[in-house]
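Asker: Sharing a structure with you now.
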Amino acid sequence: MPRRPLRRRFGLEPNELRRPVDRAQRLLGFALLLIFLGVAPPLALWAGASSYAAGNRAEEAERRDRHQVTATVTRTGDGTPSSDRFVHETVQATWPGPDGKPTAGALPSWRGAEVGDRRAIWVDRAGEPTVEPRPHSRTVTDAAYAGTAAVLGAALPAAVAYGLLRRRCDRRRDALWDADWARLDSAGHGPRS
């Protein structure tokens, strides 16, 4: 029993009241759906694969250009805010530079940081503190987002085209209804007031 309303909703049941404009709308809507289904999967695969490949290249480059060293805190609690856009306490620390000589600088503080504490940090080729290399999970997530965006990008033109088609068909249906009512009124069988 639940199939009948669904079939009726999609216009798959024969109906004498259905006009040619209704059948044309259904046929063109089905064609747009087929076009979308033909375009969206390959586009999503291409976008996801491209994003995944770019992410893998970025991962490799960051792993090649960054490495972990151990920083030793030399001074704490001076209340010096960091120079980046976030305001937080910093500690002064030293860590091995690219030439093996100690490099000194400010690092974001952590709870309970004291002079002599050691913490692993990431540095770039110049020995400057940086963020951890890109994790593989981010590459996978970015690829999924790219595939989803490609599907939405393919759906948008189809949805707009169907909306314009439906609007035009609705106007045609309204004109046909008006013509039928006018014909009934002229025949004297119109609604009485």
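The values are calculated or read from the model by the stated rules, or taken from the named source; none is laboratory data. Please read all numbers here as calculations on a predicted model, not as lab measurements. A quick note on method: Cβ atoms are made from the backbone with ideal geometry, for glycine too, and the neighbour counts reach across all protein chains shown.
Asker: If you check Gly100, Gly112, Gly116, Gly105, which single one turns out to be at pLDDT 85 or above and exposed (fewer than 11 other Cβ atoms within 10 Å of the Cβ)?
Answerer: Numbers: Gly100 fails: at pLDDT 85 or above; Gly112 fails: at pLDDT 85 or above; Gly105 fails: exposed (fewer than 11 other Cβ atoms within 10 Å of the Cβ).
Just one listed residue meets the conditions, Gly116.
Asker: From the list Ala71, Ala47, which one is surrounded by 16 or more Cβ atoms within 10 Å (Cβ to Cβ), in contact (Cβ under 8 Å) with a residue 40 or more places away in the chain, touching a helix residue (DSSP H, G or I) at 6+ places or on another chain (Cβ under 6 Å) and of a type in the set (A, V, I, L, M, F, W, C)? Walk me through how you get there before you give the answer.
Answerer: Numbers: Ala71 fails: touching a helix residue (DSSP H, G or I) at 6+ places or on another chain (Cβ under 6 Å).
Exactly one of Ala71, Ala47 is surrounded by 16 or more Cβ atoms within 10 Å (Cβ to Cβ), in contact (Cβ under 8 Å) with a residue 40 or more places away in the chain, touching a helix residue (DSSP H, G or I) at 6+ places or on another chain (Cβ under 6 Å) and of a type in the set (A, V, I, L, M, F, W, C), namely Ala47.
Asker: List, please: which pairs have Cβ atoms under 6 Å, are six or more places apart or on different chains, and start with a residue in region 137-159 that is in contact (Cβ under 8 Å) with a residue 12 or more places away in the chain and end with one that is surrounded by 14 or more Cβ atoms within 10 Å (Cβ to Cβ) and not in a helix (DSSP H, G or I)?
Answerer: Listed pairs, sorted by first residue: none to list.
Asker: Name the single residue, out of those in region 125-152 being among the hydrophobic types (A, V, I, L, M, F, W, C) and assigned to a loop (DSSP other than H, G, I, E, B), that is nearest to Ser50 (Cα to Cα).
Answerer: Keep residues of region 125-152 that are among the hydrophobic types (A, V, I, L, M, F, W, C), which gives 126, 131, 140, 143-144, 146, 149-152.
Narrowing further to those that are assigned to a loop (DSSP other than H, G, I, E, B): 126, 131.
On the way: Ala126: 30, Val131: 24 Å.
Checking each candidate, the answer is Val131.
Asker: Restricting the search to region 14-40, which residues are assigned to a helix (DSSP H, G or I) and touching a helix residue (DSSP H, G or I) at 6+ places or on another chain (Cβ under 8 Å)? Even if it seems obvious, please write down each step before you answer.
Answerer: Looking only at region 14-40, we keep the residues that are assigned to a helix (DSSP H, G or I), and these are 20-40.
Those that are assigned to a helix (DSSP H, G or I) and touching a helix residue (DSSP H, G or I) at 6+ places or on another chain (Cβ under 8 Å): Val21, Asp22, Ala24, Gln25, Leu28, Gly29, Leu32, Leu33, Ile35, Phe36, Val39, Ala40.
Asker: Any chance region 186-193 includes a residue that's out of contact with any strand residue (DSSP E or B) (no Cβ under 8 Å at 6 or more places or on another chain) and assigned to a helix (DSSP H, G or I)? Give the steps one after another, and end with the answer.
Answerer: Step one: of region 186-193, the residues out of contact with any strand residue (DSSP E or B) (no Cβ under 8 Å at 6 or more places or on another chain) are 186-193.
So of that shortlist, the ones also assigned to a helix (DSSP H, G or I) come out as 186.
There is at least one residue in region 186-193 that is out of contact with any strand residue (DSSP E or B) (no Cβ under 8 Å at 6 or more places or on another chain) and assigned to a helix (DSSP H, G or I).
Asker: I've got another one for you. Anything in region 22-74 that is farther than 24 Å from Glu132 by Cβ and among the polar types (S, T, N, Q)? List them, or say none.
Answerer: Gln25, Ser50
Asker: Moving to a separate point now. Looking at Asp65, Asp124, Asp84, can you tell me which residue is modelled with pLDDT under 90 and acidic (Asp, Glu)?
Answerer: Being modelled with pLDDT under 90 and acidic (Asp, Glu) holds for just one of Asp65, Asp124, Asp84, which is Asp84.
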